[in-house]
Amino acid sequence: MSQPNDPQEPFSLDKSGPAEPAQPYGATPPSDPAPYGSTPDPTYPSAPAYGSAPYGADPATPGGVPGYPAAPGYPTAPPPGPGYGYGSPPPQNYLVWAILSTVLCCLPLGVASIVFAAQVNGKWAAGDVQGAQESARKAKTFAIWSAAVTLVLGLGYAALMIAGVIASDSSSM
Amino acid sequence: MTATVQPGSGAPSACPSPAARVRSGAARVAAPVGVALVAVTGAALLGAVNPHQPGHYPTCPFLWLTGLYCPGCGSLRAVHDLVHLDLAGAWSMNPFLVLVLPALLAAWVAWLRRAATGAARRRVLPAWTIWTILALVLAYWVARNVPALAPWLAP
């Protein structure tokens with residue numbers, strides 16, 4: 001899987017698009033006096049390894065995930081629909097809250113939240129912006145419900161314990 | 001987790017104006033900082049009030065209702081053990097929590113960085129990774145209740 005800092009193929013000159021503004025480690029200026037007495041080595045054509053668009057410059061995906069054009073695992077974002085300006089960022093999928101409620105809430109709500117989180121990313125990758133946002137809304141709702149139910153259960157337990165209704169006999173959370 | 005922010009990777013058109021960034025930065029950093037305060041407070045409480053002793057905390061409602069362990073059973077005791085730097089104890093209570101905690105911390109750091117810089121979320125996990133997480137959670141849920149696996153997985 002391609003990482004953002006993986007070295008790029010140094011000889012793929014076609015990928016370093018013409019719009020790339022800066023090539024910080026390559027393309028010595030033409031006025032450089034070639035201090036070691038050699039003509040510029042043609043086998044190292046302007047060393048594009050660090051300048052060849054490490055974060056994309058892929059004009060086909062203006063608002064997407066431009067750094068991963070070749071990785072099949074990272075889908076490019078869908079084309080920005082009307083009203084999304086320069087391409088809206090992917091919607092929050094609340095996966096962290098889903099996992100937190102799975103680990104801490106002891107209720108099936110957390111598992112349902114994971115389902116919605118997966119739906120968010122799947123629909124987004126498929127270009128279904130509205131579906132992704134709908135799933136994101138459900139994921140958020142479930143996260144809030146998990147927190148609320150946990151809070152109510154905890155406070156209710158504390159109230160009952162203080163009132164002496166519950167004997168202190170168990171702890172298995 | 002869901003998004004790893006790459007500083008400096010923002011397309012020029014995706015950057016809000018400097019004034020907007022300054023205005024929203026301080027306010028938006030409040031959320032991750034607040035969550036961290038709540039988490040630290042909770043961990044401190046769990047470290048001080050021992051969940052291994054009965055009666056301090058409510059029983060897991062799923063366990064109370066069904067008699068079966070859920071993926072979260074043992075989490076409070078695991079956090080207590082972690083606060084006391086007892087990794088083996090935490091692992092014996094809830095290995096899932098121990099495994100997932102570094103990922104949660106990384107997600108929090110990414111969140112904080114996003115909030116501080118005003119950068120947008122740029123990376124989307126492939127959906128199959130989340131489905132895999134779901135499958136693992138469900139398998140873990142079942143496996144905890146298998147008597148043969150209980151010595152390793154049950155709290």
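Looking at this structure, is B:Cys60 touching a Ser or Thr at 6+ places or on another chain (Cβ under 8 Å) and closer than 16 Å to A:Leu104 by Cα?
yes
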Test result for B:Arg121, in contact with a Lys or Arg (Cβ under 8 Å, 6 or more places away or on another chain) and farther than 27 Å from B:Pro54 by Cβ: yes
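From the list B:Arg114, B:Arg144, exactly one residue is among the basic types (Lys, Arg), open to solvent by less than 30 Å² (accessible area, probe 1.4 Å) and more than 11 Å from chain A (Cβ to nearest Cβ). Which is it?
After applying the criteria, what remains is B:Arg144.
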Neighbours by Cβ (under 7 Å, 6+ apart or cross-chain): first from the range B:48-61, at the interface with chain A (Cβ under 7 Å from one of its Cβ atoms); second polar (S, T, N, Q) and loosely packed, with under 14 Cβ neighbours inside 10 Å: B:Pro54/A:Ser168; B:Gly55/A:Ser168
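Matching residues to (1) within 26 Å of the chain's Cα centre (by Cα); (2) at pLDDT 85 or above; (3) over 26 Å from B:Phe96 (Cα atoms):
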site: A:Ala70; (1), (2), (3): yes, no, yes
site: A:Gly85; (1), (2), (3): yes, no, yes
site: A:Pro89; (1), (2), (3): yes, no, yes
site: A:Val103; (1), (2), (3): yes, yes, no
site: A:Ser113; (1), (2), (3): yes, yes, no
site: A:Gly122; (1), (2), (3): yes, yes, no
site: A:Val152; (1), (2), (3): no, yes, no
Among the candidates B:Arg123, B:Arg113, residue that is farther than 25 Å from A:Val152 by Cα, within 18 Å of the chain's Cα centre (by Cα) and of a type in the set (Lys, Arg): B:Arg113
All positions within the range B:81-99 that are in contact with a helix residue (DSSP H, G or I) (Cβ under 8 Å, 6 or more places away or on another chain), farther than 16 Å from B:Val137 by Cβ and not in a helix (DSSP H, G or I): B:His84
Odd one out for A:Ser146, checked against (1) more than 15 Å from A:Leu100 (Cβ to Cβ); (2) in contact (Cβ under 8 Å) with a residue 12 or more places away in the chain: (1)
Condition check for B:Ala78: loosely packed, with under 13 Cβ neighbours inside 10 Å, modelled with pLDDT of 90 or more and part of a helix (DSSP H, G or I): no
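The values are calculated or read from the model by the stated rules, or taken from the named source; none is laboratory data. Since the model is a prediction, treat every value here as computed from it, not as a measurement. Cβ atoms come from the backbone with ideal geometry, glycine included; neighbour counts cover every protein chain shown. Ligands, DNA and RNA are stripped out before the accessible areas are found, and what is left, the full protein with its side chains, is counted by its heavy atoms. Shrake-Rupley method; radii C 1.70, N 1.55, O 1.52, S 1.80 Å.
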